[in-house]
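Data block below; observations after.
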Amino acid sequence: MKRFIWVVMAAMLATPVAAHDLGFAGLLAKSNRETLAPLTLSSGKPVAEAPYKLKSGMYYKLSIEADGSAEMALSGGDFFRAIWVNEVVINDIEIRPLGLHSLEFDDEGEAEISFIAIVPGTYELSIPGARGDSQKAIFTIE
């Protein structure tokens, strides 16, 4: 019986789990990328059009656009801990941070975050102090 268990275990270890052949770039490959609908920071307008559904292991690009109508921030430490941030691009300056907690716009501008979704769950990016459901973006990582 012990021999049978060892043979089964050896066969399981020798058989690779179904994986994507993403080539040399791995998870950062173009075939694994998706651009999400942008988030909007504007006084009195919704932050997101609809909730976002993400897949763990996928590479995403997300633009955040502020119109300058008010000084606004997006905060979401739980969301930023559930993803791996590749870079944040602001005015053609690429920033490769170890982590993020929030982004604040004092004036009109745009930031683009590229990241890989990692930890399954439901997360929010929200305007600090705002109470309405339209003042946050919901991300579900599957």
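The values are calculated or read from the model by the stated rules, or taken from the named source; none is laboratory data. In this text the structure is predicted, and so the values were computed from the model without any measurement. Here Cβ is always computed from backbone atoms with ideal geometry, including for glycine, and neighbour counts include all displayed protein chains. With ligands, DNA and RNA removed, areas are computed over all heavy atoms of the protein, side chains included. Shrake-Rupley method; radii C 1.70, N 1.55, O 1.52, S 1.80 Å.
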Open item on the list: Which count do you get for residues in segment 27-63 that are under 18 Å from T122 (Cβ atoms), open to solvent by 70 Å² or more (accessible area, probe 1.4 Å) and in contact with a strand residue (DSSP E or B) (Cβ under 6 Å, 6 or more places away or on another chain)?
Closed with: 2
Task: Residue, nearest to the chain's Cα centre (by Cα), within segment 127-142, restricted to residues that are more than 16 Å from L39 (Cα to Cα) and touching a residue at least 40 places away in the same chain (Cβ under 8 Å) - done: I141
- [ ] Please find, within segment 115-135, the residue that is nearest to E104 (Cα to Cα) out of those that are open to solvent by 50 Å² or more (accessible area, probe 1.4 Å) and modelled with pLDDT under 95.
- [x] P128
- [ ] Six or more apart or on different chains, Cβ under 7 Å: which pairs go from a residue in segment 38-56 that's free of Cβ contacts under 8 Å to residues at least 40 places away in the same chain and within 23 Å of D107 (Cβ to Cβ) to one that's assigned to a loop (DSSP other than H, G, I, E, B) and open to solvent by 20 Å² or more (accessible area, probe 1.4 Å)? Could you list them?
- [x] S42/D67; S42/S69; S43/S69; S43/A70
Task: Hits in segment 74-98 (condition: over 20 Å from K136 (Cβ atoms) and assigned to a loop (DSSP other than H, G, I, E, B)) - done: N91, D92, R96, P97, L98
